[in-house]
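Below you'll find the structure, written out as structure tokens, and then a few comments.
Every read-out reported here was derived from the displayed coordinates using simple, explicitly stated rules and does not represent laboratory data. None of the values given here were measured: they were computed from a predicted structure. Here Cβ is always computed from backbone atoms with ideal geometry, including for glycine, and neighbour counts include all displayed protein chains.
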Amino acid sequence: MLLTATAPARRGIAVAMRVGLVVTVRVGGRSTRRVEVIATRVRPTPGGGRLIAVTLANRGERIESIGGASLAVTLERRGRIVGRFRFVRRQLLPHTRAVVAFRTRPTVHGPVVARIMIVRPDGRTTARTFRLRL
């Protein structure tokens, strides 16, 4: 919702309200599906844990559903899994970005490898790894 206020020559303020809607249009033809992991960031949190933010980009032409079983993040140290995270399902519109954040336990610290897996609707998976220091 967008409110616009203008000051006329006389007393008072004129307020106009505009409403915006998102419209999804499906047209025939070939469309591309491409969700990519762009970056990760690590920040300390109060209480000793770390907040890891994963930035995703929808570079395709379709609305993609991310989260649930289609997005998984695993933290590994020396081949052992020290954390596994899943996210609430949400939609990512075409040509937009989203940041998905998760919090680690305070006991997990030091160098880890973050493996981010995206499962596409056709069943193929895309995985990307990042070396992080917690």
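With +1 on each Lys and Arg Cβ and -1 on each Asp and Glu Cβ, and nothing else charged, work out how big the dipole of region 33-133 is about its Cα centre, in Debye to the nearest 20.
300
What ³J(HN,Hα) values, in whole Hz, does the Karplus curve 6.51 cos²θ - 1.76 cosθ + 1.60 give for region 67-72 when θ = phi - 60°, with x put for Gly and Pro?
For region 67-72, the Karplus-derived couplings read x, x, 7, 8, 9, 9 Hz, x marking Gly and Pro.
Run the numbers for Thr129 and Glu36: contour at 0.36 nm per residue of separation, minus the present Cα-Cα distance, in nm.
Taking 0.36 nm per residue and subtracting the Cα distance, the gain is 32.3 nm.
For region 76-93, just list the computed ³J(HN,Hα) in residue order, Karplus coefficients 6.51, -1.76 and 1.60, θ = phi - 60°, integers in Hz, with x standing in for Gly and Pro.
Result, rounded to whole Hz: 10, 9, 6, x, 9, 7, 10, x, 9, 10, 10, 10, 5, 5, 8, 9, 10, 6.
Give the calculated FRET efficiency between Phe87 and Arg59 to the nearest 0.05, with a Förster radius of 22 Å applied to their Cβ-Cβ distance.
Computed FRET efficiency for Phe87 and Arg59 comes out at 0.65.
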